[in-house]
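Notes for the one structure printed next.
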Amino acid sequence: MNRLSIVLLVFLLLGLIAACGQAAEPQVVEKVVTVEVEKEVEKVVTVEVEKEVEKVVTVEVEGAGEAMTPAGSAADIAVQAAKQYAGTRLVISYEAGLQAQDGYFFGPQWTDLTGIEVEVVEVPFDELYANTINEHLAGTSTVDIINVVPGWMGDFAAAGVLEPLDDFVDQYYPPEELADIHPTYLNNWSKVGGITYAIPDDGDVHIMYYRRDLFEDPENQTAFQEAYGYELAPPTTWDVWNDMCDFFTEKYAPDIYGCAFQRKGQPYHWFNSVFRSFGGEFFDPETMKAQVNNEIGVKTAETLMASLPDSPPGAVEWDFIAAFSGWMDGKLAMYISWPPPGRWSEGYGSQTEQLAWLPPTNVVGKVGYAIQPGGGELAAGFSLGVSADSANKEAAYLFIQWLTSKDISLQRVMTPFALRDPYRLSHYDSALYKSQWTHAPEYLAVLEEAAETGYLNLAFPGSREYEEAEEQAITAIYAGADIKETLDKLAADWDAITERIGVDKQRESYANWAASPNAYAK
């Protein structure tokens, strides 16, 4: 292309910019969000075209061969780059249930934009880990995009399940948009051994919900102060939590009980957060011998057991749905869980077809939000990775970039039925999200603080095995087994896992994990 042609091309594109106000662009603005993003989308389109023109001139005239990140938003870049793969089909795995609604809802939008079809495969959570590794090792995997629990990334990377993404990220992801992901998630849920294997896509963290009306009641405040000698306020320690569980149960049961949380299914999240809030560390860093059976481990189990009498009858068997239902029904003064109950209990999304199964909420306007006593747990969560077995790796990566982009991810975390929780700094600061219910700003502020202070899951080779052994032990304790004997057996099981993988290897992996600011109490 000669210099005159380039000049004509520049003028032509600038003319298109001036005329774009009456073209198809306003329809996209109207479709994407509502009020908040309209000006941003118009700005992005203008900047993108101008920078593309500048880039064409630079490349054609000056001949610079250096790779550059394309101009524009992460979503726009992904869409434009992905159009070359129109007609391709991508398969993405999700935890079965509401998580998969994300794919069913946003997959067709990606197809409309790029011509790439999206197929969703649902897998029960308990089978996600084993299925992903086994299918890879057997050579039978048909998945292109994997929903990865960050704690499993070490095993997935070691087994060769995940494709390294650094080249794609460098080529396509605008650094400023990547940096908008909360540092805790970006720094801990993306890499293994310095290599990027996934992009964070979920802000899972445990926070505490409490009955604002009960805590702010003057009679309750006076009675609690007289009985316990300190103020009735959201508890910051587990001893205070147990005092408040006692207080509310004694006063209101059987209509309202003091507290509850999920005891069945992934109970290690609660044990691990309490254990670390007491100063516990999982392994001796020199010998790699498990420490979960020491005095702190015993104290942790005793603390978790102490609140059971202040929970509704049968709460020892409560899974997520049962505990959540008790909270929605107004039966609990305090409750610890993931972010979705915080918005559902305010009626957010209750009119959608996908959430028709939700129990009616009796706590609208009464919900308070606070950090879990001792600090929350960054419980499970999801990142998105490209399968090493995919035949469409670049197309798969571009879909991930589009899903996790600033604009699209806000829509996704605000979709009430898809279980994606805020994880970008811009999510927490979104005026649109803050306007959804009266106390939404408080909810988002607590989620942001919990992300900063929450404890990381174990995340190095063998993590899933350690968790499974721990789940068996804690379940046995809840059923009445001797605490010390059960924790001694758990420690022995952990030591066996460590020895099988290799003590020296685990020592190094554990040291790298423990060096994170979110691994242990500060």
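The values are calculated or read from the model by the stated rules, or taken from the named source; none is laboratory data. For clarity, every value in this text was computed on a predicted model and none was experimentally measured. Heads up, the Cβs are rebuilt from the backbone with ideal geometry, glycines too, and the neighbour counts pull from every protein chain shown. The protein model used for the area step is the full one, side chains on, heavy atoms only, and it has no ligands, DNA or RNA in it. Shrake-Rupley method; radii C 1.70, N 1.55, O 1.52, S 1.80 Å.
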Label-zone membership for the stretch 277-309, site residue 515, 7 angstrom Cα→C-beta point, backbone N under 20 Å:
281-289
How long, wide and thick is the stretch 70-178, going by the Cα atoms along their three principal axes, in whole angstroms, largest first?
39, 27, 25
At 20 °C and 1.002 mPa s, grab the translational diffusion coefficient of the stretch 401-522 from Stokes-Einstein with a Kirkwood Rh over Cα pairs, rounded to a whole number in µm² per second.
121 µm²/s
Per residue, the convex hull enclosing the alpha carbons of the chain has a volume in Å³ of 156 Å³
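How much of the calculated P(r) for the stretch 156-238 lies past 18 Å, in percent of all Cα pairs?
Distances greater than 18 Å cover 62 percent of the Cα pairs.
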Using alpha-carbon pairs under 8 Å, 6+ residues apart, how would you state the relative contact order of the chain in percent?
22 percent
Looking at the chain, send over the antiparallel percent of its DSSP beta bridges, to the nearest 5.
60 percent
If every Lys and Arg gets +1 and every Asp and Glu gets -1 at its Cβ, then about the Cα centre the chain yields a dipole, in debye to the nearest 20, of 440 debye
Among 240, 157, 221 the positive-end extreme of the charge dipole of the stretch 125-251 (Cβ point charges):
157
So what is the 222 nm mean residue ellipticity for the chain from helices alone, if each DSSP H run of at least 4 adds -39500 (n - 2.57) and you divide by all residues, rounding to the nearest 500 deg cm²/dmol?
-15000 deg cm²/dmol
What value in Å³ per residue do you get for the convex hull of the alpha-carbon atoms in the stretch 281-338?
112 Å³
Average accessible area per residue (Å²) across the chain - probe 1.4 Å, nucleic acids and ligands excluded:
41 Å²
With the full set of protein chains in place, find how many percent of the accessible area of the chain is carbon and sulfur; take the probe as 1.4 Å.
53 percent
Solvent exposure ordering (accessible area, 1.4 Å, most first) of 278, 105
105, 278
Placing +1 on each Lys and Arg Cβ and -1 on each Asp and Glu Cβ in the stretch 358-475, then taking the dipole about the Cα centre, the residue among 413, 371, 382 whose Cα reaches farthest towards the positive end is 413
Relative contact order for the stretch 157-258: what is it in percent, counting Cα pairs under 8 Å that are at least 6 residues apart?
16 percent
Over all directions, what mean area does the Cα convex hull of the stretch 103-232 project, stated in square nanometres?
13.5 nm²
Would you check the accessible area of residue 274, probe 1.4 Å, heavy atoms only, in square angstrom rounded to 10?
0 Å²
Going through 289/484; 251/331; 299/331; 264/299; 484/522; 299/522 one by one, the pairs whose alpha carbons sit over 23 Å apart turn out to be 299/331; 484/522
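Per residue Cα convex hull volume for the stretch 69-117, in cubic angstrom?
On the way: hull volume 4.2 nm³, N = 49.
Spelled out: Cα convex hull of the stretch 69-117, divided by residues, is 86 Å³.
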From the protein chains alone at 1.4 Å, what is the descending order of accessible area for 295, 442, largest first?
295, 442
With all pairs of different alpha carbon atoms counted, what Kirkwood hydrodynamic radius in Å does the stretch 346-461 show?
16.5 Å
Please list, short to long, the whole-number percent of alpha-carbon pairs of the stretch 217-312 in consecutive 10 angstrom bins beginning at zero.
15, 39, 28, 14, 4, 0
Say each of residue 170 and residue 485 gets a label point 7 Å from the Cα, pointing the same way as Cα to Cβ; how far apart are those two points in nm?
5.8 nm
Residue 289 accessible area, nearest 10 Å², 1.4 Å probe?
90 Å²
Out of 114, 516, 291 - ranked by how far each Cα lies towards the positive end of the dipole of the chain, with unit charges on the beta-carbon of charged residues - the top one is 114
Relative contact order of the stretch 246-380 (C-alpha contacts under 8 Å, at least 6 apart) in percent is 32 percent
